[in-house]
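S.K.: Just dropping this structure here.
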Amino acid sequence: MAVTLCVLLWPRAGQAEALIAYEDAVLALVAAHGGTVRQRVRTDGTDGAPLEIHVLEFPSDEALDAYMQDPQRAALAAARDRAIERTAVYRVDVV
């Protein structure tokens, strides 16, 4: 069964460009696991809004798990920790 996620990302202070660079790198790995980046949008980050919002779709929980465990993604963990203050992930249904 397909898994669709809505991912909200807030940068650390002064790290918006680093967040964008990190996401450029890890979102490039989604397709290798059968996934699709259905939507990637940005806000201006004001009023507590996340900087980036993604809608991702994977064909299964196993494909999502493989993406999450991807060694290339894991190698970027330090960059993620430097750039991202907070992440919220929701399983959603496309309506």
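S.K.: For the chain, modelled as a Gaussian network with Cα springs under 10 Å, which listed residue fluctuates most, ALA13, ALA74, ALA32?
M.R.: ALA13
S.K.: Follow-up. In whole Hz and in residue order, list the ³J(HN,Hα) couplings for the stretch 69-79 that follow from phi through the Karplus curve 6.51 cos²θ - 1.76 cosθ + 1.60, θ = phi - 60°; x for Gly and Pro.
M.R.: In residue order, the calculated couplings are 9, 3, x, 5, 5, 4, 5, 9, 4, 5, 5 Hz.
S.K.: Here's another thing I want to ask about it. Calculate what fraction, in whole %, of the accessible area of the stretch 1-43 sits on carbon and sulfur atoms when a 1.4 Å probe is rolled over the protein chains.
M.R.: On the way: 1260 of 2260 Å².
For the stretch 1-43, the apolar C and S fraction of the accessible surface comes to 56 percent.
S.K.: What does the accessible area per residue of the chain come to in Å², with a 1.4 Å probe and no ligands, DNA or RNA counted? List each step's numbers first, then the result.
M.R.: On the way: 5650 Å² over 95 residues.
Dividing the accessible area of the chain by its residue count gives 59 Å².
The values are calculated or read from the model by the stated rules, or taken from the named source; none is laboratory data. Remember, it's a predicted structure, so these values are computed and weren't measured experimentally. For the accessible areas, the whole protein counts, side chains as well, though only heavy atoms, and no ligand, DNA or RNA atoms are used. Shrake-Rupley method; radii C 1.70, N 1.55, O 1.52, S 1.80 Å.
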